[in-house]
Amino acid sequence: MFRLVGRPSLDISHHLRSSADRLLASGHRQVALDLAACPSVDSTFIGVMLYLVKGVRNAAGDEGSVCLLNLSEQVRRQIDTLGVLDRFRLATADAGGVQFEAVDVPAADKAGTTHLCLEAHRNLIEACSTNAARFQDVIKFLEEDLNKPS
């Protein structure tokens, strides 16, 4: 279980992505994200959460799930606006007995950030085709940025 405190940044998105890879490699098929202390989310973070959904479903079929806990109405609306709310299980829960470990999240490099953003937005389009019009310019910009000579 993860608990996000504050608005997610690109560095947090990187950390979630790398943590997802480790969890999936070690056999986890159900993941919970407590978003009670998260006032809003952006499209990149939602796209990374979709990466996690794809991973658990590829590994475990319908047995795999990502549960979003304690969503505010704002966060619920942001996810729903992108047409992907149905990809997650939703619940309210008291995590009072859970001991969360604070994690220092290192800054990601520019190329890694660009790749993460590109994949996250492709995940959003794959999950809901109406997002193509919304993010086509973002995808084009990120692809061009990746193809620039160093």
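Starting from region 1-17, keep only residues that are more than 22 Å from residue 93 (Cβ to Cβ), then list their pairs with residues that are part of a helix (DSSP H, G or I) and among the polar types (S, T, N, Q) whose Cβ atoms are within a distance under 8 Å, requiring at least 6 positions of separation or different chains.
Cβ pairs passing all conditions: 10/44; 10/113; 13/44; 14/113.
I want to confirm something. Restricting to region 96-150 and keeping residues that are among the basic types (Lys, Arg) and assigned to a helix (DSSP H, G or I), which single residue is modelled with the lowest pLDDT?
Start the filter on region 96-150 by keeping residues that are among the basic types (Lys, Arg), which leaves 110, 122, 134, 140, 148.
From what's left, assigned to a helix (DSSP H, G or I): 110, 122, 134, 140.
Details: 110: 86, 122: 96, 134: 96, 140: 96.
In this case the residue turns out to be 110.
Only one of 92, 81 is exposed (fewer than 15 other Cβ atoms within 10 Å of the Cβ) and at pLDDT 90 or above; which? Step through it out loud before you land on a result.
Values: 92 fails: at pLDDT 90 or above.
The match here is 81.
The values are calculated or read from the model by the stated rules, or taken from the named source; none is laboratory data. None of these values were measured; they are calculated from a predicted model. Neighbour counts are summed over all protein chains in view; Cβ atoms, including those assigned to glycine, are modelled from backbone coordinates with ideal geometry.
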